[in-house]
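Just below is one structure, and these are the notes that go with it.
The values are calculated or read from the model by the stated rules, or taken from the named source; none is laboratory data. None of the values given here were measured: they were computed from a predicted structure. In this analysis, Cβ positions are derived from the backbone assuming ideal geometry, glycine residues included, and neighbour counts consider all displayed protein chains. For accessibility, only protein heavy atoms count, side chains too; no ligands or nucleic acids. Shrake-Rupley method; radii C 1.70, N 1.55, O 1.52, S 1.80 Å.
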Amino acid sequence: MVFLSDLWKALPIGDSADTFLATCGDGYSATFTTAFIGQYRPFLVLEINGQGPEHWPPPGLNFNPGPFVITVSTALVPAAASFLDLEHKKPWAVTGIEIANFAERYRGIFSGNWASPPPAADRGRTIWVNSCGSCHAGPPGTAGGTKADRPFPVIVAYAAYDSSFFRKYVRNPRSLVASAKMEAHPHYSDAQLDDLIAFITLGPPPAGN
């Protein structure tokens, strides 16, 4: 394995860079800021059971996690267990790692109505960056995944005009839409959902409104 902190030191990185953005073959993405890297020590997996990617998938997996996997170990850093949605920091089938400046790649949700958000929306923005944005594209100028087929204005509409549906969907998508691809997030508290809705609805309204 290779710690992302060691990879960071080994690469020719500009002074303004402070983030790794990992992208996966299915459109999933994960954001690793230098602060996260320093605190939780994520690492690049080079072998599973002593075998490299050319021999994957390993026994017990019915999918190929290669060509690259990034993960975080709670055995290595026990405090990581308390990080909300730690699984979003364990992308597999990683096909690219971008060296980026966080403020630049996420300027879409740090400008306009989001430039100086109230505390609840600020907390919700953190949830979006570390969790929702792994699959959902945000507003223009915002890094994020493309795995989910839900444009940001649609998410705004649900959060603003049918918050009950939004809350139920986040916690258990398939209870409302049997074919939903999104994983359930039953661990989200009412307060966390309040924060997420505050962030989403602070943005521009859907087109036509």
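Please state which of the following conditions S164 fails to meet, knowing it meets all the rest: (1) open to solvent by less than 70 Å² (accessible area, probe 1.4 Å); (2) of a type outside the set (D, E, K, R); (3) more than 18 Å from I127 (Cα to Cα); (4) part of a loop (DSSP other than H, G, I, E, B).
Every condition holds for S164 apart from (4).
Under 9 Å between Cβ atoms, at least 6 apart or on separate chains: pull out the pairs that start in region 1-27 with a residue that is over 29 Å from N49 (Cα atoms) and end on any residue that is among the basic types (K, R) and modelled with pLDDT of 95 or more.
Qualifying pairs under 9 Å: T19/R105.
When you look at G38, is it open to solvent by 40 Å² or more (accessible area, probe 1.4 Å), out of contact with any Asp or Glu (no Cβ under 8 Å at 6 or more places or on another chain), small (G, A, S) and part of a loop (DSSP other than H, G, I, E, B), yes or no?
no
In region 115-138, what residues are hydrophobic (A, V, I, L, M, F, W, C) and either at pLDDT below 95 or within 25 Å of K90 (Cα to Cα) (or both)?
Hits for region 115-138 are A115, I127, W128, V129, C132, C135, A137.
Within region 59-84, work out how many residues are more than 13 Å from A22 (Cβ to Cβ) and β-branched (V, I, T).
Summing the residues that are more than 13 Å from A22 (Cβ to Cβ) and β-branched (V, I, T) in region 59-84 gives 2.
Return yes or no: is F63 aromatic (F, W, Y), loosely packed, with under 13 Cβ neighbours inside 10 Å and more than 16 Å from the chain's Cα centre (by Cα)?
yes
Could you check N113 against (1) under 23 Å from T19 (Cα atoms); (2) open to solvent by 60 Å² or more (accessible area, probe 1.4 Å) and say which number it fails?
Just one mismatch for N113, condition (1).
What single numbered condition from (1) open to solvent by 60 Å² or more (accessible area, probe 1.4 Å); (2) part of a helix (DSSP H, G or I); (3) not polar (S, T, N, Q) fails to hold for G124?
If we test G124 against (1) open to solvent by 60 Å² or more (accessible area, probe 1.4 Å); (2) part of a helix (DSSP H, G or I); (3) not polar (S, T, N, Q), just (1) comes out false.
In region 18-35, what residues are assigned to a strand (DSSP E or B) and either modelled with pLDDT under 95 or of a type in the set (A, V, I, L, M) (or both)?
Residues satisfying the conditions are L21, A22, A30.
Please work out if I97 is out of contact with any His (no Cβ under 9 Å at 6 or more places or on another chain) and open to solvent by less than 70 Å² (accessible area, probe 1.4 Å).
So I97 passes the test.
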